[in-house]
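Report on the structure given below.
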Amino acid sequence: MLSRARPSEARSTLVGTARAFATLLLAAAVAISGSTNAFAQGVPVVRDAEIEALVGDYARPIFRAAGLANDGIDIVLVNDQSFNAFVTGRRLFINTGALMTAETPNEIIGVIAHEAGHIAGGHQQKLRDQLERAKTMAILATLLGAGAIVAGATTNSRGLAGAGMGVAAGSGEMAQRSILAYQRGEEIIADRSAITYLNATGQSGMGMLKTFARFQSALSLAGTQVDPYRISHPIPQERIANLEALVKQSPYVGKVDPPALQQRHDMMRIKIAAYMQGQAAVARLMRKYPGSLASRYGDAQVTYLYGNPGAALVKTAALIKEQPKNPYFQELRGDILMKVNKPKDAAEAYAKAVSLDPARSGLLQVSLGQALLAVGTPDSAKKAVTQLNNGIGRDKENAEAYRYLAQAYGEQGDISAADLATAEGHFYSGDYKNAKIFAMRAQQKLKRGEPRWLRAQDIINYTPSNKLK
Ligand SMILES: [Zn+2]
């Protein structure tokens, strides 16, 4: 399932306090684009196991070739139709709009390679430091909630929060200077580095060229929205010409994406269309990929989201027959079965999804735990505890997962564990006050000094200034 940011009716795959997170994410975007218009609109973060895994597969070889992040990076999907992508530390932020615009994996991989070139080259350290702070703030937002950040910003203008809010508020001088500081020389170096990484991984630079050429063309000015990426990457004609020459010198210029990767890309695009844009957008893509697996995937999702769950199950069964090892078809089956209140069958489908998932996404494990919890027997509650803890182990800030975990502990009669999980859920969704209340409640039934007691103490002791470093 691909989940929109809806803090009040959060689902298992949703980041808690996504809105606060997104708002602060926008602080970073402002630093790049210099535009405050986008800031006012807000941009939600979305979670989806399939898309996170795919973008991770795009990025991993490039990052390895660039000597960055050997053990993987976190993918943060931003629900925004404009084109943007940037890397801070070990996080790759990418707009759903960029994924929808790119017709091939190679276009996204090329952009990631270019961004990796900036990072590896140590470019724009100042701007990137600002983004890093904004990223830290985004994490803090999930811990503290937007209210705390705003309060922090007003009382402590020299702290992290202050820096971030300065970025947010300062469409003016600082952001402008940051953008102007993007030197043409650095763009050319990043282009060259990108080609090096693409060559090292045996991939073409044509996708990168296509993306930059599209930004450069007059056509891209015709749209009503301006892509942040385009503004952060001034692209004079000369640069396109240089890039084109480099791309064409590569022995891999004619290399196309492997068909299986292209198929996953098409399925990703149709999924974004189904969950974010509605039936008409899916129908458009279905016409584009007639008779394809992606087209049938889109059809099954639309039938589930807007139509008849029974018919969606039949369509999903056909998909599973065609690709029995695809974890996300099993996930879709689980989602549909949850919708028709068959948690036991849903749990079986999610369990298959978990066992098939090479990316070992915590999101799928949480879905499994949620379904087991809904089964409602003591045995299933016990299994739910295990699965939810597994999911949290991979995805520590998933506030919703803690809420299900608290419920599962509660059904087992383990009240102190339930209270501590409730405290964690509040903590990661930014309700700091209630987090402390439940942490204190948990401590009353725990032995002083044991690991859970200590964790509760951490929550009780937590103050924003402790972590703003
Ligand atoms: Zn660049």
State yes or no: is Tyr428 open to solvent by 40 Å² or more (accessible area, probe 1.4 Å) and within 25 Å of the chain's Cα centre (by Cα)? no
Would you point out the residue of segment 312-340, among those that are in contact (Cβ under 8 Å) with a residue 12 or more places away in the chain and outside any helix (DSSP H, G or I), that is surrounded by the most Cβ atoms within 10 Å (Cβ to Cβ)? Asn326
Condition check: among the aliphatic types (A, V, I, L, M) and either open to solvent by 20 Å² or more (accessible area, probe 1.4 Å) or within 22 Å of Ile320 (Cα to Cα) (or both). Does Leu364 satisfy that? yes
Do we have any residue at all in segment 6-14 that's in contact with a strand residue (DSSP E or B) (Cβ under 6 Å, 6 or more places away or on another chain), surrounded by fewer than 21 Cβ atoms within 10 Å (Cβ to Cβ) and either within 28 Å of Asp257 (Cα to Cα) or at pLDDT 50 or above (or both)? no
Scanning for something in contact with a Pro (Cβ under 9 Å, 6 or more places away or on another chain), buried (at least 24 other Cβ atoms within 10 Å of the Cβ), modelled with pLDDT of 95 or more and farther than 30 Å from Ala102 by Cα, does segment 371-388 turn up at least one residue? yes
Which is under 30 Å from Gly117 (Cα atoms), modelled with pLDDT of 95 or more and of a type in the set (Ser, Thr, Tyr), of Tyr304, Tyr252, Tyr328, Tyr297? Tyr252
Listing of strands (runs of 3 or more DSSP E) fully contained in segment 57-130 that carry 1 or more residues being at pLDDT below 85, open to solvent by 20 Å² or more (accessible area, probe 1.4 Å) and away from the ligand (no atom under 16 Å from the Cβ): 74-78, 91-95
Quick check on Lys396: is it surrounded by fewer than 19 Cβ atoms within 10 Å (Cβ to Cβ), closer than 20 Å to Asn461 by Cα and touching a Gly at 6+ places or on another chain (Cβ under 9 Å)? yes
In segment 260-304, the residues that are polar (S, T, N, Q) and either farther than 13 Å from Asp48 by Cβ or not in a helix (DSSP H, G or I) (or both): Gln262, Gln263, Gln277, Gln279, Ser292, Ser295, Thr303
Filter segment 190-200 for residues that are of a type in the set (A, V, I, L, M, F, W, C) and either crowded, with 22+ Cβ neighbours inside 10 Å or within 9 Å of the ligand (Cβ to nearest atom) (or both) and give the result. Ala190, Ala194, Ile195, Leu198
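The values are calculated or read from the model by the stated rules, or taken from the named source; none is laboratory data. Note that the coordinates shown come from a computational prediction; the quantities given were computed from them, not determined experimentally. Cβ: placed from backbone, ideal geometry, glycine included. Neighbour counts: every protein chain shown. Heavy atoms of the whole protein, side chains included, go into the accessibility calculation; ligands, DNA and RNA do not. Shrake-Rupley method; radii C 1.70, N 1.55, O 1.52, S 1.80 Å.
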